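First up is the structure itself, then whatever we jot down about it.
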Amino acid sequence: MPIITLTTDFGEKDHFAGAVKGAIYTELDTVRIVDISHSISPFHLTEAAYIIQNAYRSFPQGTIHIIGIDSELNPENKHIAVLLDGHYFICANNGIISMLTNEINPEKIVEINIHDRITTNFPVLDVFVKVACHIARGGTLEVIGKSITEIKELTGINPVVNGETNQIIGNVIYIDNYGNVICNISKTLFDDIGKGRNFKITARTAVFSTIYNRYSDAINFEIAKEKREEDGKKLALWNSSGYLELSIYKSNPSTVGSASSLFGLKYRDTITVNFE
């Protein structure tokens, strides 16, 4: 049974997500629909790219991913379907897939050209659903679009290494539900540039000299619970996606605060790693 996932900034209040699901089932009732997220911040391409990058690998190859972010068709925002890493992605050509193509070359890209057969001001519902169901039935990309070789790139998603290779300058690309701050510095890049040297991570006034692999690694469980530093402890770690994350142990943004609020970090803010 084919799987179609949905990632949008539609939210939960309005009818949009439900209407898209209904349209899919009307086209093809032998499909499974999985919501990845409908809570992407409006028009936030980097946030959506990060979520898609880290969710799609958990699905079987052949899964079709509809991404409904900034999808209105215009001369500068065409629609594309991409076969990459054995998965299909349907979205606008606005840079949202470029976070994936930084690591993996697409197997095929087409610019969707079925719009002359569809009248719509809701392309996710009308165009993306048609394309997804066509693929789910075993259809080829060439039928719904013309092949292209390049897609738009998101700016600001790649960190910068200085000429002396002793500094990486990254940026905040995502803040999760716990207020944890994820930046675009990967463990692969860190290890390649750092080569085992001592380092200092600076994010506004917060400074770190150790990176953990798990949240609990920052806690010394040999010390009695009432005496050890635990709740509220700041830490840096490599998250499950292999990116540098700044956190507060057992944070709660609505009560004790989080890395984002306590360190004063927002999207695109700078995080610097200096090697010694």
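Quick note: the coordinates plus some simple rules give every number you see, no bench work behind them. Predicted, not measured: the structure shown is a model, and the values here were computed from it. Neighbour counts run over all protein chains shown; Cβ positions are idealised from the backbone, glycine included.
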Quick check: Cα centre of the stretch 159-213 to Cα centre of the stretch 54-87, how many Å? 28
For every helix of n ≥ 4 consecutive DSSP H residues, a contribution of -39,500 (n - 2.57) applies; sum these over the chain, divide by its total residues, and give [θ] at 222 nm rounded to the nearest 500 deg cm²/dmol. -4500 deg cm²/dmol
For the stretch 3-147, shape from the Cα gyration tensor axes a ≥ b ≥ c, cut at a/c of 1.5 then a/b versus b/c, turns out rounded
Could you line up TYR249, TYR174 from fewest to most neighbouring Cβ atoms inside 10 Å? TYR249, TYR174
Connecting every pair of Cα atoms under 10 Å apart in the chain and solving the GNM, the largest mean-square fluctuation among ILE69, ILE112, ILE219 falls on ILE219
Over the chain, calculate the relative contact order: mean separation of alpha carbon pairs under 8 Å at least 6 apart, over the residue count, as a percent. 15
Sort 93-100, 238-245 for me by packing, meaning the mean count of neighbouring Cβ atoms within 10 Å per residue, highest on top. 93-100, 238-245
Straight-line reach check, LYS195, cutoff 24 Å on alpha carbons, 8 or more apart in-chain or any other chain, hits among lysines -> LYS187
Under the Karplus curve 6.51 cos²θ - 1.76 cosθ + 1.60, θ = phi - 60°, whole-Hz ³J(HN,Hα) for the stretch 69-85, x wherever Gly or Pro sits: 10, 6, 9, 5, 6, 8, x, 9, 9, 6, 9, 9, 10, 10, 9, 8, 6
Using a basic spin-label model with each label point 7 Å from the Cα along Cα→Cβ, how many nm lie between TYR249 and ARG57? 2.7
Just to confirm a number: summing +1 for Lys and Arg and -1 for Asp and Glu over residues other than ILE69 whose beta-carbon lies under 11 angstrom from that of ILE69, what do you get? -4
Rounded, prolate or oblate: which one fits the stretch 67-125, using the alpha carbon gyration tensor with axes a ≥ b ≥ c (rounded when a/c is under 1.5, else prolate when a/b beats b/c, else oblate)? prolate
Three-way shape label, the stretch 209-276, alpha-carbon gyration tensor, a/c 1.5: oblate
Pseudo-spin-label distance SER41 to ASP14, built 7 Å along Cα→Cβ, given in nm, is 1.8
Tell me, what HN-Hα J-couplings in whole Hz come from the Karplus equation 6.51 cos²θ - 1.76 cosθ + 1.60 at θ = phi - 60° for each residue of the stretch 183-188, using x for Gly and Pro? 10, 8, 8, 8, 5, 4
At a Förster distance of 35 Å, what's the computed FRET efficiency of ILE148 paired with THR205, Cβ-Cβ distance as r, to 0.05? 0.15
With mean projected area of the Cα convex hull in nm² as the read-out, I listed (1) 13.3; (2) 15.1; (3) 17.3; which label goes with the value calculated from this structure? (3)
So what is the relative contact order for the stretch 3-147, in percent, with contacts set as C-alpha pairs under 8 Å and at least six apart? 25
Could you tell me the relative contact order of the stretch 160-275? Use alpha-carbon pairs under 8 Å, at least six residues apart, and round to a whole percent. 39
